[in-house]
Amino acid sequence: MISNTEVIDILNKIGDKIIEEKDFLTELDRPIGDNDHGINMAKGFTEVKKKLEGMADADLGTIFKNTGMTLVSTVGGSSGPLYGTAFMKMGMTLGAKKEMSLEEFLGALQAGVEGVGQRGRSTTEEKTMLDAMVPALNAMKEACAAGQEAGSVLAAGVQAARAGVEHTKELIATKGRASYVGERGIGHQDPGATSFTFMLETAAANL
Ligand code: ADP
Ligand code: MG
């Protein structure tokens, strides 16, 4: 089981990682976007970290919902509402629980990933964060159903997310700002797929 205090700790570490990778994520957004993904995400997670300070006793629903609402309200770019929706959907799924099993985490993540697709009117193969999220989620569900322990399940997710990021290099974007550069985006990895992979790597390293 993963407790509320563990979730807060992991979200803080995800924030640290995103802040640490701010310049790299921004640089990825230069050739196929507007050079701000890392700036956007670091700004959002700086506020999330402040918000988490007062949440030590909160249930998982409250923790994830507040994380999502903070991202929506502080991030200017499209990644704010998209990641914000993902975290809010996770919160709605987990509700008043103060701890979650691996299956419950994956169920919440599934709702979050579906939320991104609804909010972004997007799906896989469009060179977005979904090209890391969906394969990662599928790999983790499969590993979990096969009875693997949490560490291997998360490791399978990280591996699939990294492969998804590599795959975005081959894709022509059909959603978001990267769609404006069309074929010229080939060879460049998607910033949002990369930031999601950093989040999952951080969760995997700290569970
Ligand atoms: P903006 O594009 O508004 O500047 P960011 O640079 O912060 O926002 O985020 C860009 C990332 O958002 C992209 O790399 C992509 O992964 C993701 N993204 C953009 N539009 C969509 C969408 N419709 N569906 C899913 N993800 C999207
Ligand atoms: Mg951008």
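Just so you know, all these numbers are worked out from the coordinates, no wet-lab data involved. For clarity, every value in this text was computed on a predicted model and none was experimentally measured. Backbone-built Cβ (ideal geometry, glycine too); neighbour counts: all protein chains shown.
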In the stretch 17-35, which residue that is of a type outside the set (G, A, S) and assigned to a loop (DSSP other than H, G, I, E, B) is surrounded by the most Cβ atoms within 10 Å (Cβ to Cβ)?
E21
Between residues in the stretch 14-41 that are closer than 14 Å to T197 by Cβ and touching a residue at least 60 places away in the same chain (Cβ under 8 Å) and residues that are of a type in the set (A, V, I, L, M) and away from ligand 2 (no atom under 14 Å from the Cβ), which pairs lie under 6 Å by C-beta distance while being six or more apart or on different chains?
I14/M199; M41/I18
Do we find a residue being farther than 17 Å from R119 by Cβ, of a type outside the set (A, V, I, L, M, F, W, C) and crowded, with 23+ Cβ neighbours inside 10 Å anywhere in the stretch 175-185?
no
Report every pair of residues separated by at least 6 positions or lying on different chains whose Cβ atoms are under 7 Å apart, first residue within the stretch 167-179 and farther than 8 Å from T128 by Cα, second basic (K, R) and in a loop (DSSP other than H, G, I, E, B).
L171/K127; I172/K127; A178/K127
Of residues in the stretch 78-121 being within 21 Å of A56 (Cβ to Cβ) and among the aromatic types (F, W, Y), the one nearest to ligand 2 (Cβ to nearest atom)
F87
Which one of A139, A111 is part of a helix (DSSP H, G or I), touching a Lys or Arg at 6+ places or on another chain (Cβ under 8 Å), free of Cβ contacts under 8 Å to residues at least 24 places away in the same chain and of a type in the set (A, V, I, L, M, F, W, C)?
A111
Which of (1) surrounded by fewer than 24 Cβ atoms within 10 Å (Cβ to Cβ); (2) over 12 Å from the mean Cα position of the chain (by Cα); (3) within 16 Å of ligand 1 (Cβ to nearest atom); (4) in contact (Cβ under 8 Å) with a residue 24 or more places away in the chain does G117 not meet, given it meets every other one?
(4)
Report yes if some residue within the stretch 58-73 is closer than 20 Å to G176 by Cα, within 16 Å of ligand 1 (Cβ to nearest atom), surrounded by fewer than 23 Cβ atoms within 10 Å (Cβ to Cβ) and without any contact (Cβ under 8 Å) to a residue 40 or more places away in the chain; otherwise report no.
yes
